[in-house]
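Asks: Structure provided below as structure tokens; questions to follow.
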Amino acid sequence: MATEENKNAAATGGFLYLPLIAGWLVPGAGHFLLRKWGRGALLAASILGMFVMGLAMHGKVYSNVHDMLDVLGLVGDLGNGLLFVASRLLGLGADQVQVTTGDYGTRFIVVAGLLNVIAAVDAHNLRTGRKQ
Amino acid sequence: MTHFAAVVLFALFASIVFGITQRNTPQRMLRYGIYCFLLFVGSAIVLSWIMYLIAR
């Protein structure tokens, strides 16, 4: 009983948007902050898996924009948070799609970012009590 | 990696995230995740056959 109250206090205390920001920067971190270990681990594994698979398929990581579609791709990639930053710093990902699977890889990376945003918003909803 | 393997992996990862974020209880999360996975893979197979028949 007391343990449950402590858990709730820890989950609801602090900065309101911390799970949202943490979840965006590191996949699953928002749920980990709220002590949703199982959900966080599954989300992290899924998003990381999709991102890594995208890189393994020589997908393109957007760094500059030439047209409107590139802007959409960059916005999707930015959803990956620190994964995007790390991939740019380490030079991972292709600058141009040169192999057949590269197109798939590019979509994997973009969708990983979009799924990460959904997961971060879910963590925020858990934090505000909108979702149980 | 084959195209179909890529589709299955995509469906698996996306379905897990959809299931967890769009439903409240673990049982409903699992059911919704399986539902999304089947829709992803099923629609890919159906669309592939349609494109194959159109191309003939």
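The values are calculated or read from the model by the stated rules, or taken from the named source; none is laboratory data. Treat the numbers as computed from the prediction; the structure is a model and nothing was measured. Methodologically, a virtual Cβ is constructed for each residue, glycine included, from the backbone with ideal geometry; neighbour enumeration extends over all protein chains shown.
Asks: Among all residue pairs at least 6 apart or on different chains, which show Cβ distances below 8 Å where the first residue, located in region B:25-37, is under 16 Å from A:Arg39 (Cα atoms) and the second is assigned to a helix (DSSP H, G or I) and among the charged types (D, E, K, R)?
Replies: none
Asks: Taking the conditions exactly as written (buried (at least 23 other Cβ atoms within 10 Å of the Cβ), more than 19 Å from B:Val8 (Cβ to Cβ) and modelled with pLDDT of 95 or more), does A:Ala44 satisfy them or not? Write out each step before concluding.
Replies: On the way: buried (at least 23 other Cβ atoms within 10 Å of the Cβ): no; more than 19 Å from B:Val8 (Cβ to Cβ): yes; modelled with pLDDT of 95 or more: yes.
No; evaluated as a whole, the condition is false for this residue.
Asks: So, one more: With the condition kept exactly as written, say whether any residue in region B:18-36 is touching a helix residue (DSSP H, G or I) at 6+ places or on another chain (Cβ under 7 Å) and of a type in the set (Lys, Arg). So that I can check it myself, show each step before the final result.
Replies: Residues of region B:18-36 touching a helix residue (DSSP H, G or I) at 6+ places or on another chain (Cβ under 7 Å): B:18-23, B:29-30, B:32-33, B:36.
Next, from what is left, pick out any that are of a type in the set (Lys, Arg): B:23.
Yes, the conditions are met somewhere in region B:18-36.
Asks: When you go through (1) assigned to a loop (DSSP other than H, G, I, E, B); (2) out of contact with any Leu (no Cβ under 8 Å at 6 or more places or on another chain); (3) farther than 17 Å from B:Phe18 by Cα one by one for A:Lys131, which number turns out not to apply?
Replies: Checking A:Lys131 against (1) assigned to a loop (DSSP other than H, G, I, E, B); (2) out of contact with any Leu (no Cβ under 8 Å at 6 or more places or on another chain); (3) farther than 17 Å from B:Phe18 by Cα, the one that fails is (3).
Asks: Does region A:100-116 contain any residue that is hydrophobic (A, V, I, L, M, F, W, C) and farther than 30 Å from A:Leu16 by Cα?
Replies: Yes, region A:100-116 contains at least one residue that is hydrophobic (A, V, I, L, M, F, W, C) and farther than 30 Å from A:Leu16 by Cα.
Asks: What number of residues within region A:78-109 are at pLDDT 90 or above and touching a strand residue (DSSP E or B) at 6+ places or on another chain (Cβ under 9 Å)?
Replies: Total satisfying the criteria: 3.
Asks: Does region A:85-106 include one or more residues that are crowded, with 19+ Cβ neighbours inside 10 Å, in contact with a His (Cβ under 8 Å, 6 or more places away or on another chain), within 10 Å of chain B (Cβ to nearest Cβ) and not hydroxyl-bearing (Ser, Thr, Tyr)?
Replies: yes
Asks: Are any residues in region A:39-82 away from every other protein chain (no Cβ under 14 Å), closer than 11 Å to A:Gly113 by Cα and not in a loop (DSSP other than H, G, I, E, B), and if so, which ones?
Replies: Those that are away from every other protein chain (no Cβ under 14 Å), closer than 11 Å to A:Gly113 by Cα and not in a loop (DSSP other than H, G, I, E, B): A:Gly73, A:Leu74, A:Val75, A:Asp77, A:Leu78, A:Leu82.
Asks: Right, another one. Which of the residues spanning region A:26-38 are surrounded by fewer than 17 Cβ atoms within 10 Å (Cβ to Cβ) and away from chain B (no Cβ under 14 Å)? So that I can check it myself, show each step before the final result.
Replies: Let us first name the residues in region A:26-38 that are surrounded by fewer than 17 Cβ atoms within 10 Å (Cβ to Cβ), namely A:35, A:37-38.
Scanning region A:26-38 gives a single hit, A:Arg35.
Asks: Also, quick follow-up: If I go through region B:1-37 residue by residue, how many of them are farther than 16 Å from A:Ala112 by Cβ, at the interface with chain A (Cβ under 8 Å from one of its Cβ atoms) and aromatic (Phe, Trp, Tyr)?
Replies: Of the residues in that region, 0 qualify.
Asks: Within region B:41-54, is even one residue more than 11 Å from chain A (Cβ to nearest Cβ), aliphatic (A, V, I, L, M) and touching a residue at least 24 places away in the same chain (Cβ under 8 Å)?
Replies: Yes, region B:41-54 has at least one match.
Asks: Right, another one. Considering only residues that are out of contact with any Asp or Glu (no Cβ under 9 Å at 6 or more places or on another chain), of a type in the set (Val, Ile, Thr) and not in a helix (DSSP H, G or I), which ones fall in region A:83-122?
Replies: Of everything in region A:83-122, just one residue is out of contact with any Asp or Glu (no Cβ under 9 Å at 6 or more places or on another chain), of a type in the set (Val, Ile, Thr) and not in a helix (DSSP H, G or I), namely A:Val99.
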